[in-house]
């Protein structure tokens, strides 16, 4: 029984199309693709290491129900001690660049155990927003401003606050936001 010619033809078309697409370039210029690769590698590096568990969340002053559960350590404002205990916590900075509709660029944290303490690297990018304006009408914004998110508190254990080393890195990050000539704002 002879085979139908269409499977061979379909396979040939699929292979030629796949080969043509493998040489296609991204719409972004080479310098933008390099920035994206650098940002991606930096974030992957920032998320490695021993990550202590999130044990609580801190709310902005006046929004926390009941008495405070954590008090400042006195060494660094990001280090807090649990009330009635000796557990040391670290207040993570969740957002590097905040907007009314939420966080545009998140902060990253890298944790490493160091003898009897911790080494924490906080990556807070210096954000440059470049607006790309298209001709026409678009919806811009979210209507109502979001309330602030609670700040995560990671448990570093019962250690001396002086045994924690915190370094802040500020790499440059370019964010492109698309807008239009006639933006509409939702209610």
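None of the figures in this text is laboratory data; all of them are computed from the coordinates on show. Computed from a predicted structure; not experimentally measured. Here the Cβ is made from the backbone with ideal geometry for all residues, glycine too, and neighbour counts use every protein chain on show.
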> Along the Cα-to-C-beta direction of residue 76, a point sits 7 Å from the Cα; which residues of segment 150-175 have their amide N less than 17 Å from that point?
Replying inline: 152-171
> If contacts are Cα pairs under 8 angstrom and at least 6 residues apart, what is the relative contact order of segment 30-184 in percent?
Replying inline: 29
>> Along the Cα→Cβ direction, 7 angstrom out, place labels at residue 139 and residue 103. What is the inter-label distance in nm?
In response: 2.5
> To the nearest 0.05, how large is the calculated FRET efficiency for residue 158 and residue 63 if R₀ is 30 Å and r is the Cβ-Cβ distance?
Replying inline: 0.60
> According to a simple spin-label model (label point 7 Å from Cα along Cα-to-Cβ), what is the distance in nm between residue 167 and residue 116?
Replying inline: 2.3
